[in-house]
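The values are calculated or read from the model by the stated rules, or taken from the named source; none is laboratory data. The model shown is predicted, which means the values in this text are computed figures rather than measured ones. Cβ atoms come from the backbone with ideal geometry, glycine included; neighbour counts cover every protein chain shown.
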Amino acid sequence: MTTDICPRVIATEAAVHLIDELRAEHGAVLFHQSGGCCDGSSPMCYPVGGFIVGDRDIRLGEIGGAEFFISESQFAYWQHTQLIIDVVPGRGGMFSLDNGSDRRFLTRSRLYTEDEQARLGPQRSYADSRES
């Protein structure tokens, strides 16, 4: 068994490429996994400073050099799955930077194996991570 920490969020090559394009156009970006409403359950991409991360949001990790957050309530549902951020043809979320690119970010997921589950790092809220 390996001792590497298993990432909670990863990105496909296509997603990393789109992140790089958006960063070149808008500067530093971050992601927040939407929980529904207007934009469904799409991962939303914002300029850093263009979205206020909530104190109870959970930082899952980074993809393509961009921090990735999820609401505490969504994390409770998805904590047993690895999020895989991909890109597909279509329109992005109304407020997401991918809107207008004719491509949109899409969240896929898969259950962790027992080995991966044992190697998950501790999760902390955004507020807790700022204190350390």
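I'd like the full set of residues that are under 22 Å from Asp57 (Cα atoms), touching a residue at least 24 places away in the same chain (Cβ under 8 Å) and of a type in the set (Ser, Thr, Tyr), limited to the range 73-118.
Ser73, Thr81, Ser96, Thr107, Ser109, Tyr112
Could you figure out which of (1) part of a loop (DSSP other than H, G, I, E, B); (2) over 13 Å from Gln33 (Cα atoms) isn't true of Phe51?
(2) is the only condition that Phe51 fails.
Identify, by number, the condition in (1) modelled with pLDDT of 90 or more; (2) not in a loop (DSSP other than H, G, I, E, B) that Ser96 doesn't meet.
Single failed check for Ser96: (2).
Do you know which residues across the range 91-128 are among the small types (Gly, Ala, Ser) and surrounded by 14 or more Cβ atoms within 10 Å (Cβ to Cβ)?
Once the filter is applied, which keeps residues that are among the small types (Gly, Ala, Ser) and surrounded by 14 or more Cβ atoms within 10 Å (Cβ to Cβ), the range 91-128 yields Gly92, Gly93, Ser96, Ser101, Ser125.
Take the residues in the range 50-64 that are over 11 Å from the mean Cα position of the chain (by Cα) and in contact (Cβ under 8 Å) with a residue 12 or more places away in the chain; name whichever of them is surrounded by the fewest Cβ atoms within 10 Å (Cβ to Cβ).
That would be Asp55.
What is the number of the single condition among (1) of a type outside the set (Val, Ile, Thr); (2) modelled with pLDDT of 90 or more; (3) in contact with a strand residue (DSSP E or B) (Cβ under 6 Å, 6 or more places away or on another chain) that Ala118 does not meet?
(3)
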